[in-house]
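**Student:** Below are the structure tokens for one structure; questions will follow.
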Amino acid sequence: MKLLSVLPLIISFVVLCNNSFCQLQKPDCGMIEMHKNFTSNYVTPRNVEVWLPEHYSKEKKFAVLYMHDGQMLFDEKNTWNQQTWNVDSTATMLMREGLVRDFIIVAIWNAGSKRHAEYMPQKPYHHLSDDQKKTFTHILKAAGKIENDFIPFSDHYLKFIVSELKPLLIKIIPFTRIKKILLSPVVVWVV
């Protein structure tokens, strides 16, 4: 009987995943090239979208902005909370006004339940005391984000970006040569 009471919830989740979260986003400006289930030796497969501005041309080199939580960036119809960051509109406005050089956006979808482990920097985490690590695990378990003890593996996520994703995209899209990479919790700027 308990299974019957949660069955509608399970069906709703499957329908949402198949019809909403897993679909190509539709930006207000520019266009998106989808790379579904991008495979990796370091992390679980995930979708990667490349947003190209309206004035994109293969004859011109563009800077690259790598963004995490890629499914939240362009289209509120495909997000879990029906909200988006509207990065396509913001990027378009910044480029039109000449406030930034031309760039494309690589939107890396998160891996769901592995999101926190991929984003939490490993080295600082390993310097925490055992009590701090237990507190971290407790908070994530209480929020329903993890089931077991928390162990970050963000170094693998970074290897995925640098040694697998970037080299493949360079073959497909002409990039500006990379001088340095700036990291933040949500954004990787390549300048």
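**Student:** Given the conditions (1) within 30 Å of Glu59 (Cβ to Cβ); (2) in contact (Cβ under 8 Å) with a residue 12 or more places away in the chain, which single one is not true for Arg96?
**Tutor:** (2)
**Student:** Restricting the search to the range 43-84, which residues are surrounded by fewer than 17 Cβ atoms within 10 Å (Cβ to Cβ), more than 24 Å from Leu94 (Cα to Cα) and at pLDDT 90 or above?
**Tutor:** Thr44, Pro45
**Student:** Just to check your reading of the model, which residue among Asn86, Asn81 is closer than 14 Å to Ala107 by Cα and polar (S, T, N, Q)?
**Tutor:** Residue meeting the stated conditions: Asn86.
**Student:** Within the range 64-87, take every residue that is assigned to a loop (DSSP other than H, G, I, E, B) and among the acidic types (Asp, Glu) and give me the one that is farthest from Gln25 (Cα to Cα).
**Tutor:** That would be Asp69.
**Student:** Okay, moving on. Looking at the structure I just gave you, is Lys145 of a type in the set (Lys, Arg) and either in a strand (DSSP E or B) or in contact with a helix residue (DSSP H, G or I) (Cβ under 7 Å, 6 or more places away or on another chain) (or both)?
**Tutor:** Answer is yes for this residue.
**Student:** Which members of the range 149-164 meet the condition of being crowded, with 16+ Cβ neighbours inside 10 Å, without any contact (Cβ under 8 Å) to a residue 60 or more places away in the chain and of a type in the set (A, V, I, L, M)?
**Tutor:** Leu158
**Student:** Suppose we keep only residues that are under 19 Å from Val162 (Cα atoms) and β-branched (Val, Ile, Thr) within the range 94-131. Which one would you say is nearest to the chain's Cα centre (by Cα)?
**Tutor:** The extreme case among them is Ile108.
**Student:** What is the number of the single condition among (1) surrounded by 16 or more Cβ atoms within 10 Å (Cβ to Cβ); (2) touching a strand residue (DSSP E or B) at 6+ places or on another chain (Cβ under 6 Å); (3) in a loop (DSSP other than H, G, I, E, B) that Ile105 does not meet?
**Tutor:** Checking Ile105 against (1) surrounded by 16 or more Cβ atoms within 10 Å (Cβ to Cβ); (2) touching a strand residue (DSSP E or B) at 6+ places or on another chain (Cβ under 6 Å); (3) in a loop (DSSP other than H, G, I, E, B), the one that fails is (3).
**Student:** Quick one: Ala91 ticks every box in (1) part of a helix (DSSP H, G or I); (2) within 21 Å of Ile170 (Cβ to Cβ); (3) under 12 Å from the mean Cα position of the chain (by Cα) except a single one, so which number is it?
**Tutor:** (3)
**Student:** Right, another one. Would you check which residues across the range 118-134 are of a type outside the set (D, E, K, R) and either within 16 Å of Ser40 (Cα to Cα) or in a loop (DSSP other than H, G, I, E, B) (or both) and list them?
**Tutor:** Met120, Pro121, His127, Leu128, Ser129
The values are calculated or read from the model by the stated rules, or taken from the named source; none is laboratory data. Values in this document were obtained by computation on a predicted structure and should not be read as measured data. Note: ideal-geometry Cβ built from the backbone for every residue, glycine included; neighbour counts use all protein chains shown.
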